[in-house]
Every structure is written in structure tokens, then in C-alpha cells.
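K.L.:
Once you've had a glance at the structure underneath, I'll fire off some questions.
Any read-out appearing in this document is the output of simple, stated calculations on the displayed coordinates, not a laboratory observation. In this text, all values refer to a predicted model and were calculated from it rather than measured experimentally.
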Amino acid sequence: MSSPEPGKVNLEAVLVSVDEFFNKNPFFVAGCTFIWLVVVPLTKQYLSKCKFIPAIDAFRKLRDDPSAQLLDIRENKTLASLASPNLSFLNKDTVQLHFTAENEDRFVKEVLEKFPNPANTVICVLDNFDGNSLKAAELLYKKGFKEAYAIRDGVMGKKGWLAIQETLLPPSVHISSKKKKKVKISRGFGVNGAVDQVEDKKEGSSSTNAPILESQTMDHELTESMPHAKVGSHSSSPYPNV
């Protein structure tokens with residue numbers, strides 16, 4: 001058998017070496033095969049159906065996919081001041097269920113009550129930012145939801161729902177703050193006695209000038225309704241005026 005020429009690869013020797021390696025390390029080869037054929041595809045599938053998505057992509061999914069639903073996991077006091085997106089024009093309702101790591105079991109139970117067919121439901125999870133949204137999405141995906149996405153930057157993040165809604169989202173799904181109303185009581189006087197009027201004013205409206213203007217108006221009406229009479233001045237002198 002002639003020796004191989006310098007600079008050329010002996011293919012036969014390489015194949016023999018590989019075969020010997022496989023024979024000596026069968027478990028290593030089986031492990032690599034399992035990872036390549038099973039783990040990698042499952043990981044790709046998992047990452048494609050449970051991941052962060054931008055707010056605009058979440059809106060498009062909610063708009064275009066009838067099975068897509070929005071789940072707002074913010075706490076109630078935050079929802080009281082900053083409402084959830086209104087999806088009524090899509091014939092959908094935003095579900096509000098607070099999520100923490102301590103109440104996972106109760107959270108899953110309540111979500112399944114709202115969405116009894118998880119295998120055919122796509123969930124988009126919304127938080128203040130994105131601290132818990134991915135945890136909630138992963139938990140729901142493991143519990144059988146078809147797809148579960150966490151909205152990146154949530155409501156208040158740099159590229160969250162509030163940041164993009166003026167330029168990228170229709171007005172009907174804009175998030176608006178809920179301002180509290182306060183009651184202003186103004187009093188004016190009429191001919192038949194005191195009259196109290198109660199008006200609802202939005203926060204930030206002027207409330208100092210209204211009572212003054214109303215009082216001036218009432219005084220003017222009283223002056224006009226009284227008959228004109230000559231009123232003499234009383235002197236402190238004991239002698240009558242001449």
C-alpha cells in the first residue's frame with residue numbers, strides 16, 4: 001500500500017477515525033443526536049410562540065387574529081388611574097387580572113375561567129413595563145395556551161403602548177388617564193330666598209370666579225326688581241332739617 005502524497009487528506013483514514021470514535025462513545029453520539037433532532041426544534045418552537053413582542057405587533061395580532069386576546073396584569077390601583085386599552089371596536093374585551101409570582105396558581109385558575117379554550121387562544125400580556133409579563137406569558141404557555149406573548153415595555157416603557165399610541169395606533173385603542181371629579185357648591189340669592197346650585201367640574205377647571213359672578217348677577221336682579229323709592233338720610237341733630 002503506497003503512502004499518501006504530502007498535502008493530501010487521506011479520506012479513508014478520516015472515516016476510520018470517526019467510526020472508531022462513534023464506537024467508543026455511543027452515549028455522547030446519542031446525546032448529540034437527541035439535542036439536534038429534538039431539543040433544538042422544540043426550543044425554536046417555544047421561542048417562536050412565547051416571547052417578547054413590540055406593542056405595535058401585539059396590536060396587529062389583536063386586530064388580525066380572531067383568537068388573540070389582551071390580558072392586563074397590572075394591579076387595581078394602577079388601573080384606576082390608567083385604564084386598559086379599549087378593544088370594543090375589535091369586538092373584544094381586555095381582561096384584567098393582577099399577577100404576582102406568589103399567586104400563580106390562583107392567577108392561572110382565573111385566566112382559565114376567562115378563556116376556557118386555551119389551546120385555541122393567543123394571549124398578549126400587558127404590564128406597566130415588562131417585569132412580570134414574560135413570566136406570566138411563559139406560565140400560560142406551559143398551561144396549554146396556543147401562544148403567549150409579553151408586550152415589550154408594557155404600558156409606560158420607552159417603546160410601550162403609551163409611547164407609540166399617538167403615532168401608530170388608532171384613537172379608539174388609546175390609553176387615557178382617569179381624572180377624578182370634584183363637586184363645587186355655589187350659592188346665590190334669589191327673591192324668594194337662598195338657592196343652592198351644585199355643578200360637576202372636571203379637575204383643573206376654574207372654580208374661584210363662578211360664585212362671585214353669580215352673586216353679582218343675583219344682586220343686579222334684586223336691584224331691578226325692587227320699586228324705586230326715595231330714601232332720606234337721618235341726621236343725628238335734634239332739630240328738623242329745613
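K.L.:
Has the range 135-155 got any residue that is in a loop (DSSP other than H, G, I, E, B), over 18 Å from Ser84 (Cα atoms) and among the small types (Gly, Ala, Ser)?
P.N.:
yes
K.L.:
While we're on this one: So, of the residues in the range 74-107 that are of a type in the set (Gly, Ala, Ser) and in a helix (DSSP H, G or I), which turns out to be farthest from Trp161 (Cα to Cα)?
P.N.:
Ala101
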